[in-house]
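Right, one structure below, let's go through it.
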Amino acid sequence: MRLSIPLLLALIIGGGFVLIIPANVHAACTSNMGRVYVPFNCNTIQQAVSTANANDTIFVSPGIYHERFIVDKLVHLVGEANTTTVLDGDAGGTVVTITATRVTITGFTITDAGPDSQAVQVRKANFVSINESIISSDIGSGRPLGAGVDLYLSNNTIVDGNTFTHNLYALNITRSAHNRISNNRMVSNNLVGVEIVDSMDNLVFQNTFGNGEEGVELTGSMTSFNNVTRNLVRGTSVAGVFILAHPSDNTLLENTFQFNHIGVNLQNTTLNTYYHNNFFCPSSIQPSCFRHVNHVFPGDGSSDIWDNRSLGGPRGGNYWDNYTGTDTNSDGIGNTNLPADGVDSYPLMSPFGPIRLAIAGIIASPLSGTAPLTVSFQVEVVGTLKPFVYAWNFGDASAVQNSSSPTHVYSQPGNYTAQAFVQDSSGTAELARVNIVVSAKGSSTSLATILEATGLVVGVAAIVGVLYLRRHRAQRRDGSSTTGVSGKKIRK
């Protein structure tokens, strides 16, 4: 329930008579011309849903609403702004449960369902839309255990333009079909961005995934004819896409994989198709970037197709940044040193489509030394929207340089943070940093100080973390899990 501060309003009526009424007294909770207002008409959203007629719109003013509610009729929930209209479950369970067809939710922050709960659950309801919201199921745990949106036996749902963070799964689709997951940003979710379990004909389109174990997971023998297209999957600690437990006839098309531990991880897969994807894994970030394609068991994915020949069109596979073959007939497809990455007999010689800017890292040499210290810098950039614009700030109040590979002299001792700002022709920009340790002549810098300042300690921790995640992920695959509300497996 939304809490309001009791105030007194003085209303002058007629010839000076003053009527004092509490400001938290609401008009009757009724629907007026297809509209209901919270908190003006109704104290709570649940009260508004109960009062509304079919196809009414419920407008919710900015505020924090501490409630968990069920939407069991066709209504449209509209928050005034997704950063200021907050639905807070107080870690008590699923915040919004939808059981009616054609419900829409737009413009909220939906948060704090608590462990093993969902911010939004759509259960046996079709044609639901969840748009332009910020969804975090479990903000209180160091390792969230809830799902952002859970679709169970629900078809033709649209989840578009949302930001998902602090979830175990950003979005789970179980035994559901014909859903569209598009234009969402799914970052800092602990396990998976989108998990598709025993579901068919779903579209995962033009989303951004990052900083979790996996971007997309397709699992189960009934998982087929799903399409994963034009997504950016970056920096996952296990795999950009994990396909396991006998899914078949799924398509991965025009995705870009950047800096993932594994690009695509395959375990018991058949007849899936992958083409016009771009795989980037610069040597500067090895070994955290392990390989583009990994087969968990010998023979995994042996019937999968890595080009578009199944469509009857001109053959064209995927772009691999580690492909060393040549294009002897100048048709844009490599024809030596095949198959590329062990799978692709028609590798593309250049990335497919425009690739958004990403900084793989900064190379600086040396990272430490005595003043005056001359350091050579180079920033590794992935992207096709050239020209790039560079701006270097060396952290010592010197002038900005605009080269991709500048050299700078540090004249005074100190710990400096050099920053590289890069922008592509579309206006997309990224910032990366590297630390430089400069000591005075005759002094020495401890190894621990250098490691800490240069980030190598963080790098070692990251590698150990990846090994830990991979080991515990394998343990979860053996069935050591609990059953969630929807009857699906919720892995911990």
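We did not get these values from a lab; they are worked out from the coordinates using the rules stated. Quick caveat: nothing in here was measured; it's all calculated off a predicted structure. Neighbour counts are summed over all protein chains in view; Cβ atoms, including those assigned to glycine, are modelled from backbone coordinates with ideal geometry.
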**Asked** Arranged from highest to lowest average of other beta-carbon atoms within 10 Å per residue, in what order do the peptides 117-125, 39-47 appear?
**Response** 117-125, 39-47
**Request:** Compute the whole-percent fraction of alpha carbon pairs in the range 196-291 spaced more than 16 Å apart.
**Result:** 50
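If you wrap a convex hull around the Cα atoms of the range 170-251, how much volume per residue is inside, in Å³? Numbers along the way, then the final one.
Working: hull volume 5.4 nm³, N = 82.
Convex hull of Cα atoms, per residue: 66 Å³.
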**Request:** Determine, for each peptide in 97-108, 367-378, 233-244, the mean count of other beta carbons within 10 angstrom over its residues, then list the peptides with the highest first.
**Result:** 233-244, 97-108, 367-378
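By counting other Cβ atoms within 10 Å of each Cβ, how are Thr83, Thr51 ranked from fewest to most? Mind showing how you got there, number by number?
Details: Thr83 12, Thr51 17.
Fewest-to-most ranking of Thr83, Thr51: Thr83, Thr51.
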**Request:** Can you tell me the FRET efficiency between Asn268 and Phe225 if r is taken as the Cβ-Cβ distance and R0 is 25 Å, rounded to the nearest 0.05?
**Result:** 0.90
**Asked** How fast does the range 191-353 diffuse by Stokes-Einstein, in µm²/s, taking the Kirkwood radius from C-alpha pairs at 37 °C and 0.692 mPa s?
**Response** 212
**Item:** Distance between modelled label sites at Thr417 and Ser50, nm, 7 Å Cα→Cβ extension
**Value:** 5.2
**Fill in**
Rounded to two decimals, the Debye log10 I(q)/I(0) of the range 30-160 (Cα scatterers, no solvent) at q = 0.18 Å⁻¹ is -0.91
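Rounded, prolate or oblate for the range 358-445? Axes are the square roots of the Cα gyration tensor eigenvalues, ordered a ≥ b ≥ c, and the cut-off for rounded is a/c under 1.5. Don't skip to the answer; put the middle values down first.
Values: a/c = 2.99, a/b = 2.47, b/c = 1.21.
In terms of gyration-tensor shape, prolate.
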**Prompt:** By count of other Cβ within 10 Å, fewest leading, how are Tyr65, Tyr152 ordered?
**Reply:** Tyr152, Tyr65
**Two-site label geometry, Asp396 and Asn329: point separation in nm, points 7 Å out along Cα→Cβ** = 5.6
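At a 10 angstrom cut-off on C-beta neighbours, averaged per residue, how do the peptides 389-398, 295-304 rank from highest to lowest?
Working: 389-398: 16.3, 295-304: 14.6.
Those peptides, ordered most packed to least, come out 389-398, 295-304.
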**Fill in**
So, with points 7 Å from each Cα along the Cβ direction, the Ser376-Arg35 label distance in nm works out to 6.7
**Complete:** Ranked from fewest to most other Cβ atoms within 10 Å of their own Cβ, Glu132, Glu80 fall in the order Glu80, Glu132
